[in-house]
1. Rank 12, 62, 1 by how far each Cα sits towards the positive end of the charge dipole of the chain (+1 on Lys, Arg Cβ; -1 on Asp, Glu Cβ) and give me just the farthest.
2. Amide H to amide H under 5 Å from residue 49: which residues, 5+ apart in sequence or cross-chain, H placed 1.01 Å off N in plane?
3. How much mean residue ellipticity at 222 nm does the chain get from its helices, if each DSSP H run of length 4 or more adds -39500 (n - 2.57) and you divide by all residues, to the nearest 500 deg cm²/dmol?
4. Given +1 on the Cβ of Lys and Arg, -1 on the Cβ of Asp and Glu, and no further charges, what dipole in debye does the chain carry about its Cα centre, rounded to the nearest 20?
5. Pick the calculated Kirkwood radius over Cα pairs in Å for this structure from (i) 16.6; (ii) 19.3; (iii) 13.5?
6. What's the extension gain from residue 38 to residue 23 if we count 0.36 nm per residue and subtract their Cα-Cα distance?
Amino acid sequence: MFEADGIHDEEAWSVVVRGSARELRTDAELTAARELDLHPWTPTPKEHFVRIAPTEISGRHFRLGEQPEQQLGDGTGAA
């Protein structure tokens, strides 16, 4: 499973990919992956590439807004 999430000023999203994953190891696979011009979210060198053969992809998109006030109880579990 692979999950990626993002949040912006007024929206957020989440994508989940399920499937079989394998590390890319051959020179040809690594060269092809590097040519995709992918950029990591954290600016550090990434030397390992993984290919996922997806069997299921799902995602959600949210519009962010004010959080409603939460009414707290007295801790007894009674409403």
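We did not get these values from a lab; they are worked out from the coordinates using the rules stated. Because the structure is a prediction, the values reported are computed rather than measured. For neighbour counting, all protein chains shown are included, and Cβ atoms are generated from backbone atoms with ideal geometry for every residue, glycine included.
1. 1
2. Close amide H contacts, sequence-distant or interchain: 24.
3. -2500 deg cm²/dmol
4. Details: 8 positive and 15 negative charges, 93 e Å.
Roughly 440 debye for the chain.
5. Label of the calculated value: (i).
6. Numbers: separation 15, 0.36 × 15 = 5.40 nm, distance 1.60 nm.
Result: 3.8 nm gained on full extension.
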